[in-house]
Amino acid sequence: MVSDRNLEIINSIKQSDLNSHKALRDLLDMAKVIADEQGDNDLAYALKLSDFVKRKVPALPVSAGMNELYWEALKFEAPHRFESFLLYMERRRRPEKRFYQPRRRTLHIVAEDLQDLEDGRLDFYGLSLPPRVGKSTICIFFLAWVIGKRPASHNAMSGHSGILADRFYTDVMKLTTSEEYTFSEIFPDVKVRATSADKKELRYDETESFATLTCRGIDGTWTGAVDISADGYLYVDDMVRDRTESLSPKRLEARYQDYLNVLVDRKNDGSRELMVGTRWNVLDPLGRAESENKNNPRYRFRKIPALNEHDESNFEYDYGKGFSTQYYRDMREKLDRNEWMAKYQQKPFIREGLLFPLDELDTTFNGVLPDGDCLTAAACDVAWGGGDSLSMPFGKAYGSREDGPVYITDWIFNKGDKYVTKPLVVAKTLQHRPNMERFEANNGGDEYAESVNSMLKEQGFKTSITWAKASNQIGKMAKIIQYAPDIKRRFRFLKPELQSEEYKAAMEELGMITQVGKNEHEDSADGLVQLLQLISGEVYAKCEAMERPF
C-alpha cells in the first residue's frame, strides 16, 4: 500500500510543470522509492509513474537530459515489463541493427501477449507468423527475460531438430553475456554459472539440480535429464519439420504424441507453455492445441498473416527489414494456394476431405458474360456476430434453372454488424438489379429482409424478396456436402485478379472447408447453397403442429 506521505509528495509534483525535466525526474525517483517498499500494489503504482515518464519524454523537445531520463525509465521497468526489456536490451546497438524497435509496430501485440503469459493471465500462448519475421527471436528475448527474473527456475526449449535447439542455445547465451546487450545492467546479479555445449544447458544458479535452460530437439534425451519447474516454461518452436511431414496425417499424429509424451511430460504443475510455429495443417500440434482449448480463456492463439485485409504487408519494418507488399504478392503467385494460405496467411489446411479445392474450381470467367437471357439472383446468409460473415453471392443463371451454368458476378462477404451490411446489401442490389433475392430467416433474418426491402422501396427499386427458415431436417454441413457437386459443376467464378477483397475472402474460406474435422466458418458455402436452391426453384417446407380436429 502506497504510504500517504509518498502520495502527498507525488500530488505535489503533479501540480508543478509536468513538461519540465525536474518534475519528470522527481516522478521517476518516487517510482523507485515506492518500488523499494516491496508490496505488489506499490510496484504496480510505481510502474504507472514510470510509464507516464516514459511516454511523456518523447513528446517533449529533445535534449540530452530528457533522452537519458527516457532510458532510465526503461531500465527501471525492464525487470517487470517485457517491452521495456526489449527496448533497453538494445540500447547500445545502432537503431538499424536493433531487432525489436524496427519491428515494433507489428510485434508490439506479441510483446503484450507474452507479458500476459508471464503475469499469469495465461497458461498457454500459441503464436503463428510467416517465416523470417522475428517470431522465434522475440521468444528468445522472452526466455532471456525470464532467466533474469528467475535464474533458479527450470525452462526447456525444443523443436523438430537438434540444429534448431543449437541456435537457441547460442542466441540465449549471447543475449545474456555479450556486452552488445544490457542484460547485466538490468539483472546485475544474474550471471552464467555453468554451460554445457554438448547437452545444450545453461545454468544461472549454482545450487539447482537442473539447468535454468535446456535446449534440445524432440529426438534428444529428455526423461530424467530435463525438468520444467512450476515457475518455468516449456517453449516449443516449429514441431513440424517441413511441408512433406505436414501432408502425412500419420506423421502428424506421431509428432503430436511425441510432443505430449516427451515434452509435456517434463512439466510440473504450474508450468506455462509457449508454442510457436508455421501453421501447416489443422492437425499439427499447434492446431490440435487450439482445437482442444478453443473456449479456454487461459489459452491464447495469435495469428498475424503476411497480407492484411487490404492486401498489404503486415511486416514491412523500418530500415528495410521485413518484407514488402509486393514481395508477398509475388510469393502468393508462385506458391501452391494451400501452401500460401497455411505458411503465410496462418490459415492451415487439410487436403483430405476438402469440399471445394480451389484448383478444382477452375471454371472461371473474365467478367464477360454469355449472350442471351439470364436470371439474376442473390441469396443472403445473414450474420449476427461471433466472427461470422454475412455471405451474399450474386449470380446470373443461363439456360435451364435446374442445370444451367451460374456466373457469380459479385459477392458481399462482410463481418460488420447490420448497420454496416444493410447499406452494402442495398447498394449491391441496386447495382446488379436481381430478379429475386432470398434471405435466411433464422435468428431474425426475416426482420433483416423486411428492412432491406423497405430501404430498396425508398430508392424506387422493387424486386422479389423472400425469406425462409433453414430446414431443421438436415444439418448445415450435410446440406453443403449434398450440394457441393452441383456447385462445383455449375458455378463459374471471377478470375482472382478481378475479384473484390470480399469476393477473395469468400473464396479463401470456401477453399478451406472440409467434410472431416471441424470448420471455423462455413458462411461462404452456405451462401452458395442458398443461391443454388433459389435459382433451382427449391423452397423450404414449413410444418406447424396442431391439434387433431377429431
Just from its helices, what would the mean residue ellipticity at 222 nm be for the chain, if runs of 4 or more DSSP H residues each count -39500 (n - 2.57) and the sum is divided by every residue, rounded to the nearest 500 deg cm²/dmol? -12500 deg cm²/dmol
What percentage of the solvent-accessible surface of region 51-203, computed with a 1.4 Å probe over protein heavy atoms, is contributed by carbon and sulfur atoms? 49 percent
Counting only protein heavy atoms and using a 1.4 Å probe, what share of the accessible area of region 216-369 belongs to carbon plus sulfur, as a whole percent? 43 percent
In region 13-53, which trypsin sites (Lys or Arg not before Pro) fall in coil by DSSP and have 10 or fewer other Cβ atoms within 10 Å? none
Across the chain, what fraction of all alpha-carbon pairs, as a whole percent, falls in each successive 10 Å bin from zero upward? 3, 15, 21, 19, 16, 13, 9, 3, 0, 0
Taking every DSSP beta bridge with both residues inside region 188-346, roughly what % is antiparallel (nearest 5)? 55 percent
Could you work out how far helix 64-77 tilts from the main Cα principal axis of the chain, as a 0 to 90 degree angle to the nearest 10? 80 degrees
Compute the helix-to-body angle for 21-35: its Cα long axis versus the longest principal axis of the chain, expressed 0 to 90° and rounded to tens. 80 degrees
Heavy-atom accessible area of Arg489 with all protein chains present, probe 1.4 Å, nearest 10 Å²? 110 Å²
Take the alpha carbon atoms of region 425-447, find their center, do the same for region 277-308, and report the distance between the two centers in whole angstrom. 35 Å
Candidate cut points under GluC sites (Glu not before Pro) in region 1-78, DSSP loop plus at most 15 other Cβ atoms within 10 Å of their own Cβ, are Glu37
What is the helix-to-structure angle for 445-458, meaning the angle in degrees between its Cα long axis and the longest Cα principal axis of the chain, kept from 0 to 90 and rounded to the nearest 10? 70 degrees
Centre separation in Å (Cα based) which lies between region 19-94 and region 128-143: 26 Å
Convex hull per residue volume in Å³, alpha carbons only, for region 1-62: 65 Å³
In square angstrom, what is the accessible area per residue of the chain with a 1.4 angstrom probe? 47 Å²
Under the rule rounded for a/c under 1.5, else prolate if a/b exceeds b/c, else oblate, using alpha carbon gyration tensor axes a ≥ b ≥ c, region 107-243 is classed as rounded
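The values are calculated or read from the model by the stated rules, or taken from the named source; none is laboratory data. Note that the coordinates shown come from a computational prediction; the quantities given were computed from them, not determined experimentally. As a convention, Cβ positions derive from the backbone with ideal geometry for all residues, glycine included, and neighbour counts pool all protein chains shown. SASA here: full protein model, heavy atoms, side chains in, ligands and nucleic acids out. Shrake-Rupley method; radii C 1.70, N 1.55, O 1.52, S 1.80 Å.
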